[in-house]
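Notes follow the structure.
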Amino acid sequence: MEFLFNLISGISLGSIYAIIALGYTMVYGIAKMLNFAHGDVIMVGAYICFFATTRYGLNPLLGVLLSMVVCTMLGIIIERLAYKPLRQAPALAVLITAIGMSYFLQNSAQLLWSSSPKVFQSVVGKGSIKLFDGALSISFVTVVTILVCVIIMIALVTFVNKTRIGKSMRAVSEDKGAAQLMGINVNSTISLTFAIGSALAAIAGVLLCSAYPNLVPTTGAMPGIKAFTAAVFGGIGSIPGALIGGILLGIIEIFAKAYISTQLSDAIVFAVLIVVLLVKPTGLLGKKVSEKV
Amino acid sequence: MAILEVNDINVYYGSIHAIKGVSFEVNEGEIISLIGANGAGKTTILQTVSNLLHSKTGSIKFMDEEIHNLPAHKLVPMGLAQVPEGRRVFSQMSVEENLELGAFTRPKANIKEDMEEIFERFPRLKERRRQLAGTLSGGEQQMLAMGRAMMSKPKLLMLDEPSMGLAPILIEEIFDIIKSLNERGTTILLVEQNAQMALSIADRGYVLETGKIVTSADAKTLLNDDVVRKAYLGG
């Protein structure tokens, strides 16, 4: 029973990683850059929801929506101001800018909201589902997190594969020049990708803080790095890869905590990543990238 | 009437002056061939007209409108389409999806019909409509790239090296299709290394050498021109 409990907890934590990893993987797929500020958008999303619900007593669902709207705008603004001017710049310059943006967001949050921890009120009602005559008790947050992840995945895969705009995103991700020759506006496609990724980051932030209620300006940093790991693990650029990578990472982390060592759990997670990349450098579902000649 | 007027364009790659004051025009209904050796600047010119590259000087007018400063994606709805060098089909997407993307800027209404029309012209694409474009042969990919460009209903279709890497029998097929597209009212700007083939279907031709236009004349005249024959037609 303990095993089952750990497995479900792992899937739930992994679902949060997967939702964050989607932001990394989609932005990488379209703009070919690693947006290391993505984890901090999660933190902003959690703060917005915290103030909306706890301070101003807004309905939790409205709080989540508000947080999504703010993060979407934040994502678009970050891209316009920090990354768009660097479209032709070397990848290293973009990477450093992204790291700088990450610190900028963390420090701004500290300035605005102070570094003293806030206790996040879960947006999901307290309580749990009891199974096997109470031998297995799973909290609502855990269940809701998994369900939200499933819904987001289905919606996103449908959007990308079936809609006209989704197809144009895939076209841009494969060949920007050819996409422009189809009349696709590459800049607005990139903005849209940041918007979707950031809206998902807001959801991830709220779910994360509902499960782990300690909210500080660096709340997004570690989950951000882990989700990035998950994206690479699953094969960066691949949407199903983000899901699989995220869930596996969550399960490994929880199992490592439960059966090996709490202190070493993060080290074990990253060690697994290193092994996977040694064996399969493109990640589990990654495509082989062949350079055009 | 000139549908495309290119006037004194200069394009640089860093400090390399790739296109040096090139001017030419394409009249409505014509097939124009731009011929020249590898590295003469043919592809650069097409990419500049499509605004994927930018000229430092001069003007590019499409249907009497200055397009020089427009973003590349705005040209497609105006009626300018390009089949790029090396086809550049979206290899991870199906044949149908590629064609749909060709019609990206058009209202959705007639897309299904137009796709059937493309399938009529390229029956082999129809057989493979659900296959990923990356799994097609070179000739099929060239047909897909042309069909995709036709889906935007262009007034001017620019083709970059459609014969590249294809077997002779396929090259003939592709050129027959280009001719029939032209007969149905699409103006064609054709860039080719295969000068013989290109001039045989063209009305007029321009000969490009290291970024400059050195000769321009009727296609027939060029085919019989001694200098051109020596340089580009194998004697």
Whole-number value, in Å³ per residue, for the convex hull of the alpha carbons of region A:2-220 is 132 Å³
Quick one: pull the percent of accessible area on region A:2-220 belonging to carbon and sulfur, 1.4 Å probe, ligands and nucleic acids left out. 70 percent
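Am I reading the B/A interface right? What is its buried accessible area, both sides, 1.4 Å probe, to the nearest 100 Å²? Could the numbers behind the result be given before it?
Numbers: alone 11110 and 14330 Å², together 23470 Å².
Roughly 2000 Å².
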Mind checking which of B:LYS155, B:LYS179, B:LYS112 has the largest fluctuation in a GNM of chain B, springs on alpha carbons under 10 Å? B:LYS112
Sites B:ASN7 and B:ASP176, calculated FRET efficiency, Cβ-Cβ separation with R0 25 Å, nearest 0.05: 0.15
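Considering only DSSP states other than H, G, I, E and B, which trypsin sites (Lys or Arg not before Pro) in region B:29-88 qualify as loop sites with at most 15 other Cβ atoms within 10 Å? List each step's numbers first, then the result.
Details: sites: B:LYS42, B:LYS56, B:LYS61, B:LYS74, B:ARG87, B:ARG88; in loops: B:LYS56, B:ARG87, B:ARG88.
Of the trypsin sites (Lys or Arg not before Pro), the ones in loops of region B:29-88 whose Cβ has at most 15 other Cβ atoms within 10 Å are B:LYS56.
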Buried on assembly, region A:178-193 (at least 10 Å² less accessible surface than by itself, 1.4 Å probe): A:ALA178, A:GLN180, A:LEU181, A:MET182, A:GLY183, A:ILE184, A:ASN185
Answer with one residue from A:VAL123, A:GLY14, A:VAL69: the one whose Cα lies farthest towards the positive end of the charge dipole of chain A, charges on Cβ with Lys, Arg +1 and Asp, Glu -1. A:VAL69
accessible surface per residue for region A:84-189, probe 1.4 Å, DNA/RNA/ligands not counted, whole Å² -> 54 Å²
For chain A, take the longest principal axis of its alpha carbons; what is the angle in degrees between that and the long axis of helix A:60-78, to the nearest 10 within 0 to 90? 30 degrees
B:ASP226 and A:GLN110 label points (each 7 Å along its Cα→Cβ direction) are spaced in nm at 8.2 nm
What are the DSSP H helices in chain B that stretch 20 Å or more along their long axis, judged by alpha-carbon atoms, and whose average Kyte-Doolittle hydropathy comes to at least -1.0? B:168-183
Straight-line reach check, A:LYS280, cutoff 23 Å on alpha carbons, 8 or more apart in-chain or any other chain, hits among lysines -> A:LYS32, A:LYS226, A:LYS288, A:LYS292
Longest principal axis of chain A (C-alpha) makes with the long axis of helix A:164-174 (C-alpha) an angle, in degrees to the nearest 10, of 70 degrees
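To the nearest µm²/s, what D does Stokes-Einstein give for region B:1-70 at 20 °C and 1.002 mPa s, using the Kirkwood radius over alpha carbon pairs as Rh?
Details: Rh = 12.4 Å.
Calculated translational D: 173 µm²/s.
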Need one number: nm distance between label points at A:VAL69 and A:ALA271, each 7 Å from Cα along Cα→Cβ, rounded to one decimal. 4.8 nm
Would you mind telling me which residue in A:VAL275, A:VAL94, A:VAL70 has the biggest mean-square fluctuation in a Gaussian network model of chain A, where springs connect alpha carbons within a distance under 10 angstrom? A:VAL275
Can you pull the one-decimal nm distance between simple spin-label points at A:ALA93 and B:ARG124, each 7 Å off the Cα toward Cβ? 4.4 nm
Taking the alpha-carbon set of region B:1-134, what are its Rg and Dmax in Å? 17.1, 48
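Beyond 19 Å between alpha-carbons counts as too far, so tell me which of B:LYS112/B:LYS153; B:LYS108/B:LYS179; B:LYS74/B:LYS126 fall in that bin. Display every interim value, and only then the final one.
Details: B:LYS112/B:LYS153 14 Å; B:LYS108/B:LYS179 28 Å; B:LYS74/B:LYS126 29 Å.
The answer is B:LYS108/B:LYS179; B:LYS74/B:LYS126.
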For region B:136-197, what are Rg and Dmax over the alpha carbons, in angstrom? 11.0, 29
Post the alpha-carbon centroid distance, region B:188-235 to region A:137-206, in whole angstrom. 48 Å
Per residue and in Å³, how big is the convex hull formed by the alpha-carbon atoms of region A:41-154? 161 Å³
Taking chain B as a Gaussian network, where each spring joins two C-alpha atoms under 10 Å apart, which residue of B:THR105, B:THR44, B:THR187 fluctuates the most? B:THR105
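How high is the relative contact order of chain B? Use alpha-carbon pairs under 8 Å, at least six apart in sequence, and give a whole percent. List each step's numbers first, then the result.
Values: 450 pairs, mean separation 63.6, N = 235.
RCO, chain B: 27 percent.
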Identify all lysines with a Cα-Cα distance to B:LYS212 below 20 Å; exclude those on the same chain that are fewer than 8 residues away in sequence. B:LYS20, B:LYS42, B:LYS56, B:LYS61, B:LYS230
Excluding ligands, DNA and RNA, the carbon-plus-sulfur percentage of the accessible area of chain B with a 1.4 Å probe reads 47 percent
What trypsin sites (Lys or Arg not before Pro) in region A:152-198 are in a loop by DSSP, with at most 11 other Cβ atoms within 10 Å of the Cβ? none
Can you give the percent of C-alpha pairs in region A:1-91 whose distance is more than 16 Å? 65 percent
Which of the residues in region A:150-164 show a loss of at least 50 Å² in accessible area from their chain by itself to the complete set of protein chains, at a probe of 1.4 Å? A:ARG164
Rounded to the nearest 10 degrees, the helix A:38-50 long axis (Cα) sits at an angle to the longest Cα principal axis of chain A of 50 degrees
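With +1 assigned to the C-beta of every Lys and Arg and -1 to the C-beta of every Asp and Glu, and no other charges, what is the dipole magnitude of the protein assembly as shown about the Cα centre in debye, to the nearest 20?
Values: 45 positive and 40 negative charges, 282 e Å.
Around 1360 debye, computed over the protein assembly as shown.
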First obtain the Kirkwood hydrodynamic radius of the protein assembly as shown from its Cα pairs, then insert it into the Stokes-Einstein equation at 37 °C and 0.692 mPa s, and state the resulting D in µm² per second as a whole number. 127 µm²/s
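How high is the relative contact order of region A:2-220, given as a whole-number percent (alpha carbon pairs under 8 Å, six or more residues apart)?
Details: 296 pairs, mean separation 91.2, N = 219.
Over region A:2-220, the number comes to 42 percent.
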Which is farthest toward the positive dipole end of chain B among B:LEU101, B:MET115, B:PHE24, measuring Cα position about the Cα centre, with Cβ charges +1 (Lys, Arg) and -1 (Asp, Glu)? B:LEU101
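The values are calculated or read from the model by the stated rules, or taken from the named source; none is laboratory data. Everything numeric in this text was worked out from a predicted model, so none of it was measured. Virtual Cβ from ideal backbone geometry, glycine too; neighbours counted across all protein chains shown. Surface accessibility is based on the protein's heavy atoms, side chains included, excluding ligands, DNA and RNA. Shrake-Rupley method; radii C 1.70, N 1.55, O 1.52, S 1.80 Å.
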